[in-house]
1. Is it the case, given these coordinates, that residue 78 is touching a helix residue (DSSP H, G or I) at 6+ places or on another chain (Cβ under 8 Å), farther than 29 Å from residue 125 by Cα and surrounded by fewer than 17 Cβ atoms within 10 Å (Cβ to Cβ)?
2. Any residue that is over 26 Å from residue 10 (Cα atoms) and touching a residue at least 40 places away in the same chain (Cβ under 8 Å) - is there at least one of those in the range 31-42?
3. Return the residues of the range 109-132 that are more than 17 Å from residue 63 (Cβ to Cβ) and crowded, with 16+ Cβ neighbours inside 10 Å; say none if nothing qualifies.
4. Of everything in the range 97-108 that's at pLDDT 90 or above and surrounded by fewer than 19 Cβ atoms within 10 Å (Cβ to Cβ), which residue is farthest from residue 65 (Cα to Cα)?
């Protein structure tokens, strides 16, 4: 049985959804670790540089989570729109809103990768600074 283009599109969509779920879980988990770390009885004082690194990383992790949630909402709207178009007779279908949804979703995806990556780099810098 030969694979069709539709099969590959479905697999790409599934892979994208799994990746989004991983990024969302990663950002949410990283944010929770901040609260556990900062709420614990460490008795440790942070330097101004430490505070800047931690606050910026925390804001970026929260931004990553928000971007992923917005992307899920945009994706849901896009698929609802597509489903509604398929319910219409073929001559009445209007696909004009699909591309803006796809473009916005792609920008959200790349933005969430950027915020998660930058937040991780800041956390690595914080940890290296604390170790040294």
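The values are calculated or read from the model by the stated rules, or taken from the named source; none is laboratory data. The structure displayed is predicted, hence computed values, not measured ones. With ideal geometry, Cβ positions are generated from the backbone for all residues, glycine too; neighbour counts draw on all protein chains shown.
1. So residue 78 does not fit the description; no.
2. Keep residues of the range 31-42 that are over 26 Å from residue 10 (Cα atoms), which gives 31-42.
In the following step, the residues that additionally are touching a residue at least 40 places away in the same chain (Cβ under 8 Å) were identified as none.
The answer is no, given that none of the residues of the range 31-42 is over 26 Å from residue 10 (Cα atoms) and touching a residue at least 40 places away in the same chain (Cβ under 8 Å).
3. 126
4. Filtering first and then ranking leaves 99.
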